[in-house]
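Enquirer: Next up is a structure, given as C-alpha cells.
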Amino acid sequence: MWSRIQTRHFLLLTGFTATEIEKAETNIYTSETSGQQFQREAETLLRRLHLHDSYQQKMSTADFLKIGPPVKQSHDTSEKDLAHTFLQRLMMLDYRARDIPVRQDNPGVSCSQSVPVSDSDDFDDLFSDSADSDKSKESHVHPMDVQMAVFHCSDSFLKQNMVTKLSQCQYALPLLVPDLVTMDIECPLWTFRQITKTWKKTQIKDNSNVVTMKSMPICKAETSMVSFFRLGSLSVSKSQLMNSLINDRHSTFFHRNCKGSTKSRHLMDGVAEIAWYCPAGKANDCFTDCIAFCNLHGDALLIEKQREILTEKSSMNVVLVPTLEKGQRSTTVIHALYNSPKPLIILIADSDHGAVQVKDGKYKMGLKDKSQSDVSEELKGIIRKVLSGSQTSFKLETMAQVSGIRVDEDDAVCLRGKSAAVETVDMLQGMEISKIKDKFLPCQGDLWHEWCKINKQLYHLKGNIEKDKSQKEQQLMQIRQKQCKALNSELMQSFTKSLLSLPPEEKEYFLKWTKTLIDALSTDDLSSILQSYDEKWTEVLALKKKHDKSDKLISKQNDLEKLSKKLQSASFGLEHIFREMGQIYEAHSEVKAESREIDWTKYPELAADLMISGHPVELMDGDAGQVPLTWISRLLDEVIKKLGDQRVFVLSVLGVQSSGKSTMLNAMFGLQFAVSAGKCTKGAYMQLVKVSEELKKVFQFEYVLVVDTEGLRALELAGNATLHHDNELATFVVGLGNLTLINIFGENPADMQDVLQIVIQAFMRMKKVNLSPSCVFVHQNVTDIAATEQNMDGKRRLQERLDQMAQLAAKEESCDAECFSDIIAFDVQKDVKYFAQLWEGSPPMAPPNPGYSESIQELKNIILSKAKQSTGTSLSHFKSKIHDLWNALMNEHFVFSFKNTLEIAVYRRLEIQYGNWTWALRSNMLTIENQLHTRIENGNLDKVERTNLFKDMSEKYKEIKEDMTKYFEDDNDKEMLVQWRGRFENKIKEFQEELVRGVERKLDEVIQQKKTCKKLDEKKPEFENKLLQKSKELAHQLKDKAKDEDELKTQFNSVWSHWVKELTADTQPIKDINLDDDQANILHELGFEWVVTLIVDAGKKVVNQFRGPLEYEDQELIRSLINDVEKQSLDEIRKKPVKEFTVNLLLYVFEWASSWLSQSHKTFAVKNDARTYLETKRTQYFNIFRSFCKGSSSAVVFGEMICGKLKVSTVEAVCNQTAIDLAGEMKCSYPVFNENRLNLEKHLLKSLAEKEDFDAFITYIRNPRKQVKAFIKENVNAFMSGEHKVKAMNILWKNVAKIKEVVRQALFNAVEEVKSQSGDIDMWAERFSSFLNNKLTLDAISCQNFKDINNFDFLKEEIEKGLESITKEMNHLSLDKMNEFRLRPDQILINQLCDCCWEKCPFCAAVCTNTIKDHVNKHKIDHSCPFHRSQAVNGVHYKYTEEMCVEFCTTKVASDGQFYPDGVSEELFFYKEYRKAGPRFADWSITPDKYRSKYWTWFVYRFQKDLENYYNLKFTMDHEILEGWKTHTREEAIQSLDEMYKL
C-alpha cells in the first residue's frame, strides 16, 4: 500500500490541485470517522434495547409463536422490554406499536414528557441557555430505531413476518437497508414475498369509467414508482408530505411530528422505505392505479449509492431542497436528474412560487407559506398527469438485478430452498390450474369425493343391509385401489424428497418458496374470477334491495354459483399437496399396497414435523366435507411420538364466512391461517402453539391447539345442504374445543339468529353426550363499543335470543332446557366480547383499527383466564375425540350415535382399578376368614361379631380409600373420573359390607356345624384315651412280634373293629339316604301315583328336555316370562296340563339337587358319625400301636401322635394359603385375569376359536357365565400344570416353609415356658396348642397316657424329626391337593371375576362387559359391549319364516329397518328407536358401527351347518352368508379380537 505522501505526490502529477486533494482527504477521513461513529451508536442502541446478543444469534419466529403473558396496553414499558413489546403489538396488528410509552429506569436518559426545572429564578436567566434542558442526557429511543433494531436482530423468517405485519398496518417497508457493520446496502426482497396487494384500477373507456380489480403478490406487481429525496437540511418534513399523498389520516412514513420522535435517530439514515397506494375504484381515489412511493431517509447528498439506485428504478423523482441556486452542493445532483429522461419535481422550501413546468416532465414548486393540503393536491395533480403517460414501471423483483447491493434471497440457504421449490413447481408451468390438480393430484379429486359420498351412504343403509354394506365396502376398496394406480408420483416424489432431505432452515425456505411459486401460478386466474364474482355479487345485492324475485335474480344467483365453483377449481395451494399426501397415505395403508416410487409411510412423520414447527394442518377437507381419519390419526401418533402425549388446550372458532375468524386468530397468537382475498378457510385447520415457560407455571398444559374453520352459511353451498353442513361443522368443532369462540359479525339480527341456532344445537348435543365445552361470544364490527349502556342492552338482547333458541333447540333434540345456561355454563356479563371494526377507514388503504387490537388483547385475557381453569386434553384423547365426533356425525342421530371413546377408555381403566381394589379387600378378607375358621375349628371362637370383622378390615379398607382418593385426584383424566367418584366410593363400601356379610354368614354356618358336632367332639378325648390305652396293652402282649410288620397289622385289624364297636355302643349310627325312594314318596304324597312307575324311564328324558336347546320362539317366550311374570308366566304354564308341568318341574329339581344332597350327606356323616370318625383314625393308631410294640418311650410315641395331628393340619393350612396366594398371583400377573371383565372375555373367545368346539360356543352363547367359570377353572389348571407350574410350586414351597417355621416357633416357645415354670405335659400341650391357635386346626391333645414325660427337650427333638419328614412330604405335594380343602384358587377367582354383569344384548346375545353388576340401576350406566355380532349367532330369524337373520345389530340400528321385540308381539319398532321396544332394550347402548367383527363373521361361516341344525333354521339366498365373510381365517378372527377390544 502507498503511504499518504506517495498518494499525494501521485495525484499532483496527474493534474489535481492541492486544494482538491486536501478536500478529498478530509472527506475520506470524515467518512471513516462517521462509519465508526455509526457502529458505536448502533452498538449502544442495541445494548439499551437488550438486543446486543440477538444481533449475532438472531431472533426467530419460534421465539414469538408461543402463548405468552398478555401485552400491557396502558402501562409504560422499560427499554429492555421495548423491542419485544413492539413486536408483540405489531403481531396483533396494532399500528400504535411505534407509540409505546417508555419508562426510564436509567437516570441518564431524558424522558420526552418530563420538563427540566431551572435552579435559578433570575429574570436575566430567561434570556440565557442556562435554563435549557441538560443536553448531556441521552434522549429516549427513537421509535424507528426500535423498529430497525428489531429488523436487524431478526432472522429472515421473522423479518418476513414482521414486514408482512407492517404492510397490514399500512406502514412503509424497508427496501434498502445499510448493514450495521459493513455498511453494505441490502435489499430484503425475501421479506416482501408474503405480501399480496389488492386494488381496483379505473380506466376511461367510451366516456365511462371501467373498474378492474387486481390482486397479486407485491413482488410481481408492475407499478409506477415515485421516489422522494432530501438534499440538505429542511424545515419541512418530506415523510409527512408523502403521507398526505397516500393517506392523510395515517402516518405511513414516520416523520418528525409523529409521537415519540426525537432528534437523535441512529439507524434510519440511508434506509429507503417503500409503500404502495392502492385505489378502491371510487371517485375520491387519489390515483387511479397502484403506485409505489419510495422514501430515502437522510440527506441524499451523503447517501449516494441508494440515491443512484432509486433514481434509476423510479418512474418519477421528487427532490426537496432548502433553496434552488447554482453553486450549491445539491446543484450537481439536480443537474443530473434534470438531464435524465425521467420526470422530476423539485420542491423548494424557501420559495412561495406555485407549480411551474420548466420543460416536458420537469416541474418545480415552492413550499413556503403554503398549507400542506394545498401542496399535496398540487403534487397529486402533477403526479397523475405525468404518470398517465408512458413511463417506466417498477417491479420489486428486479431489485435482485441491481449491481452493488446485496439481496437477501442470494443467501446460499435461501437459494437451495428456492432451487428445490423451482424444481418441484417447474413441472406445473403452462398448465391450467384445474388440469394441474387432475394430473398431479388425482387422489383428492373425483375419486376422493366419490369415496366420501359412498362412505356417508354406509351410515344410511337400506334393503338387504349387510349385502348393501358389503357392496359399498367393496366399492370403497376399489376406489382406494384406483387412487393407488392413479397416483402421479412425479410431483409428490419431488416435493417429499425435498422435505425428507433438506435441513430444517432450507426446508422452511423450500416450503415458503413452493407456496409463493404456486400462488403465482393462480394469481391471474383468481384475479379475473374475483373481478367477475364481485360484479355479479353487486348485481345480486342490487336486485335483492329492490325485492326483485324475478327469474333475473335466479339467473344471476345461478351465475354466482357457477363462478363460485370456478373459483374453487382455480384455487391451488400448498394445502392441496398436503391433502394429496394424506390421500396417498390413506389409500396405500388401506389397500396395504407397496410403492417403489414414493415412500408413503414417511408422510405422517413429515406432516408431524411441520405441525410441530407451527404450520397449520388440514383437519377437515372442506371441498369433500370429510375428515380423513386414518391420516389424521397417524399424523397425531407421530406428533405424540416426537413430543410425548402432551396435554393441549383446544381453542376452536365458529362464525359466518368472511367474518374475520382467521384474522382474529392470526392477530391474537401470531398464527399463519390463510386470510388473503379469494382464499377463505375451507373445512378446518389446526395449528399447535407452544405455551411460554412463564405461563407453563400457571397452566396445566404444554400447548394450545387452535382449530380454525370455514364460515357458516358459506355462499358455495345452498339450501338444506348449507344447514346440514353447518350443523355438522358446528357440532364437530364445538365438540373438539375446550373453548369455542362464537364469532358474530355485525348487528344484523337475521344473520345472528342463523348462527346462534346452529351453535345452540351443537351445544345441546354436547350436553346430551356428557361433553362440557365452554364458549365466548365475539361480537365483531360493532359500531360503538365504548357505549356501556348500548353494550348492556346488546348483551340483554343476546341473552334473550339465546334463551329463546335454547327452548326451540331443546324441543328438536328432546331435551329439557328453559334457557341457554341450562345447556352450558354461560355468564353474559363475562362471556361476551364486543369488537370494534377491523379497519380504521375504508380498505384497501385503511390501517387496522387500534380498538380492534385492544379487543384482541382483552379477548386473549378472557381465553387465558378460562384456560387457567382447564386441564386441557391429551393429544391421544384429542385424536380419539376426532374419531368419536366424526363417526357420530356421519349418522343421522348424533346423540344416539355418539360413542365417547375417551370416556370408555377412562371407565375401563377405572374398572381395572376397581378390580384391583376389590381384590385387595377380598384377599384381605380371605386371610381373616382363614384365621377365624381355624379358631372356630379349634373350639376357641363360638361367635363372630360383624363389628370385629369391620375392625379387622379397617386398615386395608383405609388403604384402599387412600388409593382411590389419590387415583381420582391425581389421574390425568380426573375431570372425567369425577362423574363416577361418588358411585365407586359407595360401591367399594358396599363391596366391603357384602364381603363382611358373606364371611359372617359362612363362619356362622361353621359355628353351627361345630355345635352340631359337639357330642362327637366331647367324646373324642375319651375315644383317644381308650384307644391309646388299648393300643398300649395290645403292644405289651405282642412285644416279641414287633419285627413282623404283617403280623402286627393282622393282629391290630382283628381287634380294631371290636374296639370301635365297643366305643360306639351307646351312639346311634347315621343312616344313608335313598333319594329315589324320597322322590317317589314326595310324588305320591302330592297325588301323582300314576307317574311313579314311569320315573325311571322318563326321568332322564325330562331332564334332557330341560337341558337341550329351545326353539327361538320358546326362548323369546321364556324371556317374556321373566320380564312380565304376572301375565305371561301364567299364560305359558297354562299351555301344558298342570299335572304334567308340575311333574316335569319336580323331576328337574330332583335331578339338579341329587348330587348336591349326596355330597352334603357324606360330609355330614364324616363330621357327626362316631364310627365314620374312628375309621378315619385307624392308620394313626396302628402307627402308635407299632411304636409301642417296638418299645418306644412315651415321649417318642407322643411325638409321633403330635406329628400325626400336625401332618393333617399343616397340609390343610398350606393348601388353603396357597389357594389364596395362587389366586392373587394369577389375578395380578396372569394376562387372562389381570385386567377387567372385557379382557377375560377376549381371552375366552380366543380359546373357543382355537378349539373350534361348537358345543362350547353354544354354552357360551346360551349360558356365558357357565362357560366363563369353566374357562377360569381350565386356566387355573393350566397355570398349575403348564409353563407356570414352577411359579405355582414356589408359592406352595414358600407356604410350607412358613408353616414349618410357625410350628418350630410354637414348639420352642412351649418348651421354654414349661421348663421355666417346671410344668408338666398337660401344660406343654395347652401352650403348644395356644401358639398355633390362629394358624393350624388341631384336634384336642390327650395327655392322660403320657404323664410320665418330663424331658421336654427330647420331646422337642422327636417332634422336629417328625416335622422334617412332614415338610419333605409336603414339598412333594401335588397342587391338585388343594381341591380337597375348603379354599380353591379357581373358586376364589370365579367369585372375584364372575361378580359382574351378565345381561345379554336383546338382539345378538352379546354379553355386557361391565365389570360391575347392577351398574344400570345403581350407576345409571347402560349395558354395553365393544362389538356386537351377527344375530344368527342368537338364532334370530324373520317372523313366520325359517330364514336366519345375518345382520349385525350395530348395522341395523343405523338403518331404517323395523323389528318385533319378541316372538308374540305384533307391534313393530324402528331399529333406530330400539329403546322404545321395552325394558330389556331400554337399558342397552348399541351405537351404530360400520365395523364388522371378523371373529363373528368367521364363526358364522365356520359353523354354518351347526347353527342351522341347532336352531332348525336356514341361511337362504336372500339372507345368505356374504362372500367377504368366507375369506376370514381362524387366525384373522383371533387377531381381530385384539383390535376389537382395544380402544
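The values are calculated or read from the model by the stated rules, or taken from the named source; none is laboratory data. Just so you know, these numbers come straight off a predicted model, no measurement behind them. Reconstructed Cβ throughout: ideal geometry from the backbone, glycine too, with neighbour counts over all protein chains shown. Ligands, DNA and RNA are stripped out before the accessible areas are found, and what is left, the full protein with its side chains, is counted by its heavy atoms. Shrake-Rupley method; radii C 1.70, N 1.55, O 1.52, S 1.80 Å.
Enquirer: Please give the charge dipole size of segment 1455-1541, origin at the Cα centre, charges +1 on K and R Cβ atoms and -1 on D and E Cβ atoms. Round to the nearest 20 debye. Let's see the in-between values first.
Expert: Details: 12 positive and 16 negative charges, 24 e Å.
Once rounded to the nearest 20, the dipole reads 120 debye.
Enquirer: Which percent of the accessible area of segment 465-605 is formed by carbon and sulfur heavy atoms (probe 1.4 angstrom)?
Expert: Working: 3420 of 7040 Å².
The nonpolar share, carbon plus sulfur, comes to 49 percent.
Enquirer: Mind scanning 462/1514; 1071/1335; 197/456; 159/696 and naming the pairs with a C-alpha gap bigger than 30 Å? List each step's numbers first, then the result.
Expert: Values: 462/1514 22 Å; 1071/1335 35 Å; 197/456 41 Å; 159/696 27 Å.
Too far apart for the 30 Å limit: 1071/1335; 197/456.
Enquirer: By per-residue mean of other Cβ atoms within 10 Å, what is the highest-first order of 1302-1312, 1406-1416?
Expert: 1406-1416, 1302-1312
Enquirer: For the ranges 818-825, 1423-1430, what's the packing order if you count other beta-carbon atoms within 10 Å of each residue, average per peptide, and put the highest first? Each step should come with its number before you reach the end.
Expert: Values: 818-825: 17.4, 1423-1430: 23.0.
Order by mean packing, descending: 1423-1430, 818-825.
Enquirer: Below 8 Å, C-alpha to C-alpha, sequence gap of six or more: please give me the relative contact order for segment 174-284 in percent. Before the final figure, lay out the partial values.
Expert: On the way: 118 pairs, mean separation 34.7, N = 111.
That works out to 31 percent.
Enquirer: Over segment 289-413, give the accessible area per residue in Å² for a 1.4 Å probe, as an integer. Before the final figure, lay out each step's value.
Expert: On the way: 5800 Å² over 125 residues.
Per residue, segment 289-413 has 46 Å² of solvent-accessible surface.
Enquirer: Simple spin-label model, 7 Å along Cα-to-Cβ: residue 1033 to residue 1156 in nm?
Expert: 4.8 nm
Enquirer: Give me, ordered by chain and number, the residues 5 or more places off residue 293 or on other chains with an amide H under 5 Å from its own placed amide H.
Expert: 226, 275, 276, 277
Enquirer: Separate question: As an exercise, use a Förster radius of 22 Å and the Cβ-Cβ distance of residue 373 and residue 139 to find the FRET efficiency, rounded to the nearest 0.05.
Expert: On the way: r = 31 Å, r/R0 = 1.41.
The formula returns an efficiency of 0.10 here.
Enquirer: Given R₀ = 45 Å, what would the calculated FRET efficiency be for residue 657 paired with residue 1259, taking r from the Cβ atoms and rounding to 0.05?
Expert: Values: r = 61 Å, r/R0 = 1.35.
Rounded to the nearest 0.05, the efficiency is 0.15.
Enquirer: Roughly how many nanometres apart are two label points built 7 Å out from the Cα toward the Cβ at residue 1476 and residue 470?
Expert: Going from the residue 1476 label point to the residue 470 one covers 3.2 nm.
Enquirer: Can I ask one more? I need to check one value: relative contact order of segment 1218-1327, counting alpha carbon pairs closer than 8 Å and at least 6 residues apart, in percent.
Expert: Values: 38 pairs, mean separation 19.4, N = 110.
Computed value for segment 1218-1327: 18 percent relative contact order.
Enquirer: When a/c reaches 1.5 or more, the comparison of a/b and b/c decides; with that in mind, is segment 268-341 rounded, prolate or oblate per its Cα gyration tensor?
Expert: Values: a/c = 2.39, a/b = 1.85, b/c = 1.29.
Taking the square roots of the gyration eigenvalues as a ≥ b ≥ c, segment 268-341 is prolate.
Enquirer: For residue 328 and residue 357, compute 0.36 nm times the residue count separating them, minus their Cα-Cα distance, and round to one decimal in nm. Walk me through the numbers before you get to the answer.
Expert: Working: separation 29, 0.36 × 29 = 10.44 nm, distance 2.20 nm.
Length gained between residue 328 and residue 357: 8.2 nm.
Enquirer: Return one whole number: the accessible area per residue of segment 1247-1393 in Å², for a 1.4 Å probe.
Expert: Details: 7220 Å² over 147 residues.
It amounts to 49 Å² per residue over segment 1247-1393.
Enquirer: With labels modelled as points extended 7 Å from the Cα through the Cβ direction, what inter-label distance (nm, one decimal) is found for residue 697 paired with residue 493?
Expert: Each label point is offset 7 Å from its Cα along the Cβ direction, giving 5.5 nm.
Enquirer: I would also like to ask the following. Which of the residue pairs 80/833; 602/641; 592/1452; 1010/1049 have a Cα-Cα distance greater than 25 Å in the structure shown?
Expert: 80/833; 592/1452; 1010/1049
Enquirer: Something else: Which order do the peptides 365-375, 260-270, 1183-1193 come out in when sorted by mean C-beta neighbours inside 10 angstrom, highest first?
Expert: Numbers: 365-375: 14.5, 260-270: 17.1, 1183-1193: 19.3.
Result, highest mean first: 1183-1193, 260-270, 365-375.
Enquirer: I've got another one for you. From the residues 924, 957, 857, which one has its Cα farthest along the dipole of segment 855-992 in the positive direction, the dipole being from +1 and -1 charges on Cβ of Lys/Arg and Asp/Glu about the Cα centre?
Expert: About the Cα centre, the residue reaching furthest to the positive side is 857.
Enquirer: Could you give the length gained by full extension between residue 1529 and residue 1398, i.e. 0.36 nm per residue of separation minus their alpha carbon distance, to one decimal place? Numbers along the way, then the final one.
Expert: Details: separation 131, 0.36 × 131 = 47.16 nm, distance 2.91 nm.
The residue 1529-residue 1398 span can extend by a further 44.3 nm.
Enquirer: Multiply the residue separation of residue 770 and residue 950 by 0.36 nm, subtract the distance between their alpha-carbon atoms, and state the gained length in nm to one decimal. List each step's numbers first, then the result.
Expert: On the way: separation 180, 0.36 × 180 = 64.80 nm, distance 3.74 nm.
Stretched out fully, the residue 770 to residue 950 stretch lengthens by 61.1 nm.
Enquirer: Now, a different point. Evaluate E = 1/(1 + (r/R0)^6) for residue 1368 and residue 1347, where r is the Cβ-Cβ distance and R0 equals 41 Å; express this FRET efficiency to the nearest 0.05.
Expert: On the way: r = 32 Å, r/R0 = 0.78.
Computed FRET efficiency for residue 1368 and residue 1347: 0.80.
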